[in-house]
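Engineer: For reference, the structure I am asking about is given below.
What follows is calculated from the coordinates using simple rules that are stated; it is not laboratory data. Since we're looking at a predicted model, the values are computed, not measured. All Cβ positions, glycine included, derive from the backbone under ideal geometry; neighbour counts span all protein chains shown.
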Amino acid sequence: MKKKWLIGNWKMHGNLASNKALIESLRAELPQPDERATMVVCPAFPYLFQLAELTKDYGVGIGVQNVSDHLQGAYTGETSPLMVKELGGSYAIIGHSERRQYQGENDGLMGRKALAAIDAGLIPVICVGETAEERDSGRTHEVLGRQLDAAFGYIRTAHDKIILAYEPRWAIGTGIAATPEIVQTEHEFLRQRIAIRDKEFAAKLPIIYGGSVKVSNANAIFSMPDVDGGLIGSAALNAREFVTIYRAML
Ligand code: PEP
């Protein structure tokens with residue numbers, strides 16, 4: 001069976017006390033993650049070190065929500081993927097729609113960030129997804145294809161060094177997830193598009209879904225054949241919900 005992934009995006013939430021409480025609750029709900037499915041949590045940058053300490057003897061991966069597209073240099077306010085690696089991070093979410101929307105990140109920058117993350121030894125979780133307007137005007141595949149080509153155009157890496165996340169913008173933080181059929185259709189489209197370059201890589205590449213996944217819809221979404229896991233926002237802040245969603249993947 002293909003390995004599954006559940007990645008929690010904590011966004012700009014948390015503090016020292018609540019992070020500790022959340023990890024303690026996670027441990028209580030799930031003493032050790034299952035080897036068939038990797039669980040990852042992505043706190044805000046300042047808490048990376050705290051999370052690495054808290055999860056030292058717990059089989060949960062740590063990631064960040066963004067990284068610089070440079071490894072070092074005069075880039076005020078940026079965080080190098082090398083620094084993330086040194087502080088215990090192993091994953092970096094790249095091109096999240098909130099960064100596209102509020103920080104003006106574009107496809108080219110996303111590709112460069114993914115490359116820098118790989119160079120530093122991190123696993124990039126590359127997010128692609130269309131807006132409601134793009135879907136309504138029948139441009140979903142044009143947009144996904146463009147984003148995918150920008151990210152994967154010059155990346156040469158193994159299938160286990162990269163994760164692709166389909167995150168339709170209209171489903172993120174809205175409470176309205178894509179239907180399992182839409183998720184399957186778009187995951188299949190993404191996989192086929194990658195297969196044009198490399199069939200074996202495409203078949204093995206994890207493609208996860210994000211956008212209002214919750215306890216009530218997790219089973220149906222994860223039962224789709226091309227869904228290899230989830231990227232979870234608000235439900236990742238509740239240990240019981242996050243673990244229930246995790247178990248739905250197994
Ligand atoms: C996300 O931020 O990537 C996300 C999927 O959020 P939510 O689950 O809250 O829609």
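Engineer: GNM on the chain, C-alpha springs below 10 Å: top fluctuator among 93, 23, 207?
Structural biologist: 23
Engineer: Under 10 Å, Cα contacts only: if you run a Gaussian network model on the chain, which one of 212, 90, 223 comes out with the highest mean-square fluctuation?
Structural biologist: Evaluated over the chain, the most mobile residue of the options is 223.
Engineer: Another one. Sorted from largest down, give the three principal axis spans of the alpha carbons of region 61-219, whole angstrom values.
Structural biologist: Principal axes ranked by extent give 43, 34, 30 Å for the Cα atoms.
Engineer: If I build a Gaussian network model for the chain, linking alpha-carbon pairs within less than 10 angstrom, which residue out of 28, 44, 218 has the largest mean-square fluctuation?
Structural biologist: Of 28, 44, 218, the most mobile in the Gaussian network model is 28.
Engineer: Find the relative contact order for region 71-169 and round it to a whole percent, using C-alpha pairs within less than 8 Å whose residues are 6+ positions apart. Working shown, then result.
Structural biologist: On the way: 128 pairs, mean separation 31.1, N = 99.
It rounds to 31 percent for region 71-169.
Engineer: Given contacts defined as C-alpha pairs under 8 Å and at least six residues apart, what's the relative contact order of the chain, whole-number percent?
Structural biologist: Details: 478 pairs, mean separation 51.9, N = 250.
Worked out over the chain, it gives 21 percent.
Engineer: Right, next: Straight distance only, please: which lysines reach the Cα of residue 4 with their own Cα at less than 18 Å, same-chain residues fewer than 8 apart left out?
Structural biologist: 161, 204, 214
Engineer: Under the 0.36 nm per residue contour assumption, what length would be gained going from the current alpha-carbon distance of residue 29 and residue 240 to full extension? Show your work: numbers first, answer last.
Structural biologist: Details: separation 211, 0.36 × 211 = 75.96 nm, distance 0.64 nm.
Stretched fully, the residue 29-residue 240 segment lengthens by 75.3 nm.
Engineer: Could I ask something else about it? Label-point separation (nm) for residue 215 and residue 154, each offset 7 Å from Cα along Cα-to-Cβ?
Structural biologist: It is 4.7 nm.
Engineer: Further question: Obtain the nm distance between the two label points defined at residue 101 and residue 70 by a simple spin-label model: each point lies 7 Å from its Cα along the Cα-to-C-beta direction.
Structural biologist: Modelled inter-label distance: 2.9 nm.
Engineer: Which aspartates and glutamates, if any, have their Cα less than 20 Å from the Cα of residue 2, not counting same-chain residues under 8 positions apart?
Structural biologist: Once the sequence-local aspartates and glutamates are set aside, what remains near residue 2 is 34, 35, 160, 186, 188, 198, 200, 226, 228.
Engineer: Another one. Using r as the Cβ-Cβ distance of residue 2 and residue 132, and R0 as 30 Å, what FRET efficiency do you calculate, to the nearest 0.05? Provide the component values of the computation, followed by the final result.
Structural biologist: Numbers: r = 31 Å, r/R0 = 1.03.
Approximately 0.45, to the nearest 0.05.
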